[in-house]
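S.K.: Before I ask anything, let me first share the structure, which is written out below as structure tokens.
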Amino acid sequence: MTDDGPDYEVHDNPDRHRFEIDLGDGTVALAAYMLSPGKITFTHTEVPEKHEGKGIGTLLIRAALASARERGLRVVPVCRFFAAYMKKHEEVQDLVDPSYRPILGLDPA
């Protein structure tokens, strides 16, 4: 584990439409998504119970949002964990799709 959180690698698994972290014990943490033209909708984040509270979900979100930025995609954070993170972190709010900004209580872009 590093000072910034767990020392895990996040991988995009486009065939399964999710970002994943192999937790090394036969379990996987994931952030599921759906792609549409110009957008990525994050629908669900899952961290196995025995790995909760270790920053793994945040690691998934950061990597997924970095990927969205690199690919020029707007983000629709249907997953409540993604929505809460994006509402709290101003530095990623520019990624929120304009149609979803009011739902998060953000000013129009």
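S.K.: Can you pull out the residues in the range 40-71 that are open to solvent by 80 Å² or more (accessible area, probe 1.4 Å) and in a helix (DSSP H, G or I)?
M.R.: Selection gives GLU49, LYS50, ARG62, ARG69, GLU70, ARG71.
S.K.: In the range 85-109, how many are under 16 Å from THR41 (Cβ atoms) and part of a helix (DSSP H, G or I)?
M.R.: So the count comes out to 7.
S.K.: Mind listing just one residue for me: the one in the range 17-72 that is touching a Cys at 6+ places or on another chain (Cβ under 6 Å) and of a type outside the set (S, T, N, Q) and, of those, farthest from LEU95 (Cα to Cα)?
M.R.: Among those that are touching a Cys at 6+ places or on another chain (Cβ under 6 Å) and of a type outside the set (S, T, N, Q), it is HIS44.
S.K.: Residue by residue through the range 72-82, note down the ones that are among the hydrophobic types (A, V, I, L, M, F, W, C) and in a loop (DSSP other than H, G, I, E, B).
M.R.: LEU73, VAL78, CYS79 - these are the residues of the range 72-82 that are among the hydrophobic types (A, V, I, L, M, F, W, C) and in a loop (DSSP other than H, G, I, E, B).
S.K.: Looking only at the range 72-101, count every residue that is open to solvent by 80 Å² or more (accessible area, probe 1.4 Å), in contact (Cβ under 8 Å) with a residue 24 or more places away in the chain and either touching a Lys or Arg at 6+ places or on another chain (Cβ under 6 Å) or more than 30 Å from GLY26 (Cβ to Cβ) (or both) and tell me the total.
M.R.: 1
The values are calculated or read from the model by the stated rules, or taken from the named source; none is laboratory data. The structure displayed is predicted, hence computed values, not measured ones. Virtual Cβ from ideal backbone geometry, glycine too; neighbours counted across all protein chains shown. SASA here: full protein model, heavy atoms, side chains in, ligands and nucleic acids out. Shrake-Rupley method; radii C 1.70, N 1.55, O 1.52, S 1.80 Å.
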